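Worksheet: one structure, shown below.
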Amino acid sequence: MQAMSSVPSRSAAGFASVFGAEPAGLWAAPGRVNLIGEHTDYNDGFVLPFALPHRVVVAATPVTQPRWRVWSEQTGETVEFGAAEADDPGRVEGWAGYVAGVVWTLRSKGYEVPGADLAVASDVPAGAGLSSSAALESAVLTALADLGGLALPVEDRPALAQRAENDYVGMPCGIMDQSASIRAEAGHALFLDCRSLAIEQIPFDVARSGLAVLVVDTRAPHRHAGGEYASRRRACEEAAALLGVAALRDVDDLDKALASLRDDVMRRRVRHVVTENQRVLDTVDLLRAGRVREIGPLLTASHASMRDDFEITVPEVDLAVSTALAAGAYGARMTGGGFGGCVLALVDAAETERVAAAVGAAYADRGFTAPAWFAARPGAGAERIE
Ligand code: ADP
Ligand code: MG
């Protein structure tokens, strides 16, 4: 069984059996959850993700020719591609496209990317909103940079990984996920200004406060997520244009802005973004002061705003939040783009299992698919581990 051995040992063992040799090294990059700051990224605003202990691990060895072979435990497939395929965005399809995208983004910026054999293992659930895609890109990028001795400053890496996903895979994601996976530090959340791309490490040592972040994967089917995302984005852009600001980040008098907008839906979209940015700033202030428990009401207010104003939650998500709160969580909210995905709740560490069980029981009552859950501690960013 997969769970019997660690992710690093599975990637190394996979490498040995597929490529018939020991890897030159192992590199790991984490998935992430966003503590607070939802749909603020494309409004030039603020986000506060932290890295999960769950990671994608890549075992790798350089080869002399410009060609890449990559195996993943998750698919059991080995995909091989050369420079011509890597240099042609979209040509390598499916999961290996994330790997080819990293090779492409580096080559197109003039870096001499070494050819390589790569074996991937992971315990970041794929497609659950925990950013397995960014973890895969970040692990591969870190491995290739080390193997090739590339002079690649860490602050430039998130944008390179994001470009792989945007322009090679064709997924228009923001820069939060790759920033968290590459730049996170254990025991900290990453405060990211999506306009300036400035980052600050904010202490978030939940364990030391006797707390835990319970992450519930609602397993709710994603409903219309793509179209709804696009329509929220459009509403924000239209509102910014009507308000005469570059982005909703720049609204500084919310009441005045709301009074000047005619459309009730648009007013609520604006109110979510503007108040959510403020909640990120308030959360950062509390964490800087070591007042971890007190962020709970901000998390819960963020959820209410996503539910009532931005309208991106679904019944499974709302039930997980209300049940966690009723079971004693300090605060709870959906995390991620919405329409399914995960919920996080700030709980006393000793209560984690009880709160999770309460959510499971509520789901059973309503006939929802049983949720998965784990307790997350802020983990480290991408690194070489062997
Ligand atoms: P998320 O990033 O929220 O997990 P995405 O849809 O953005 O969801 O990314 C999931 C995709 O990333 C998978 O469908 C697969 O193509 C790729 N992926 C993630 N983890 C792995 C892995 N361990 N092996 C191969 N592909 C993976
Ligand atoms: Mg993703």
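Computed from the coordinates by the stated procedures, all read-outs in this text should not be read as laboratory data. All values derive from a computational prediction rather than experimental measurement. Cβ sites come from the backbone with ideal geometry, for glycine too, and all protein chains shown count toward neighbours.
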Ordered by fewest other Cβ atoms within 10 Å, a rough proxy for footprinting exposure, 236, 342 read 236, 342
Each label sits 7 Å from Cα toward the beta-carbon; between residue 193 and residue 370 the label points are separated, in nm, by 4.7 nm
Note on segment 54-208: contact order normalised by length, alpha-carbon pairs under 8 Å, 6 or more apart, percent, works out to 24 percent
By the C-alpha gyration tensor axes a ≥ b ≥ c (rounded if a/c is under 1.5, else prolate when a/b exceeds b/c, else oblate), the shape of segment 195-343 is oblate
When the chain is treated as a Gaussian network with springs between alpha carbons less than 10 Å apart, the largest mean-square fluctuation among 113, 79, 216 is found at 79
Here, residue 209 and residue 256, labelled 7 Å along Cα→Cβ, have an inter-label distance in nm of 3.5 nm
Of all chymotrypsin sites (Phe, Trp or Tyr not before Pro) in segment 84-122, the ones in DSSP coil with at most 15 other Cβ atoms within 10 Å are none
The chain, Gaussian network, Cα under 10 Å: of 126, 332, 164, the residue fluctuating most is 126
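Per residue and in cubic angstrom, what volume does the convex hull of the Cα atoms of segment 163-211 have?
Measuring per residue, one finds 88 Å³ for the Cα hull of segment 163-211.
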Computed over the chain: longest principal axis from alpha-carbon atoms vs helix 352-366 long axis, angle to nearest 10 degrees, is 70 degrees
Helix 315-326 sits off the longest principal axis of the Cα atoms of the chain, rounded to the nearest 10 on a 0 to 90 degree scale, by 70 degrees
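Relative contact order, percent, of the chain when contacts are C-alpha pairs under 8 Å separated by at least 6 residues? Before the final figure, lay out each step's value.
Values: 850 pairs, mean separation 88.5, N = 386.
Answer for the chain is 23 percent.
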Along principal axes, largest first, the alpha-carbon spread of segment 1-129 in whole Å comes out as 45, 40, 22
Exposure proxy check on 105, 75, 300: fewest-to-most Cβ neighbours within 10 Å is 75, 300, 105
Debye calc, one equal point scatterer per Cα of the chain, no solvent, log10 I(q)/I(0) at q = 0.06, 0.07, 0.08 1/Å comes to -0.23, -0.32, -0.41
Over the chain, the sum of -39500 (n - 2.57) across DSSP H runs of at least four, divided by residue number and rounded to 500 deg cm²/dmol, gives at 222 nm -12500 deg cm²/dmol
Check: C-alpha center segment 346-386 vs C-alpha center segment 300-325, spacing in Å is 17 Å
Within the under-10-Å Cβ sphere about residue 56, not counting residue 56, Lys/Arg +1 and Asp/Glu -1 give a net charge of -1
Computed over the chain: longest principal axis from alpha-carbon atoms vs helix 132-147 long axis, angle to nearest 10 degrees, is 40 degrees
Once normalised by the length of segment 1-122, the mean sequence separation of its alpha carbon contacts under 8 Å that are 6 or more apart gives a contact order in percent of 30 percent
Fewest-first ordering of 273, 33, 18 by Cβ atoms within 10 Å yields 18, 33, 273
Site residue 237, offset 7 angstrom along Cα→Cβ, radius 20 Å on amide nitrogen, limited to segment 20-41, gives 38-41
Checking 132, 196, 322 against a Gaussian network model of the chain (alpha-carbon springs below 10 Å), the top fluctuating residue turns out to be 196
Loop-resident GluC sites (Glu not before Pro) in segment 1-78 with no more than 13 other Cβ atoms inside 10 Å, DSSP not H/G/I/E/B, are 77
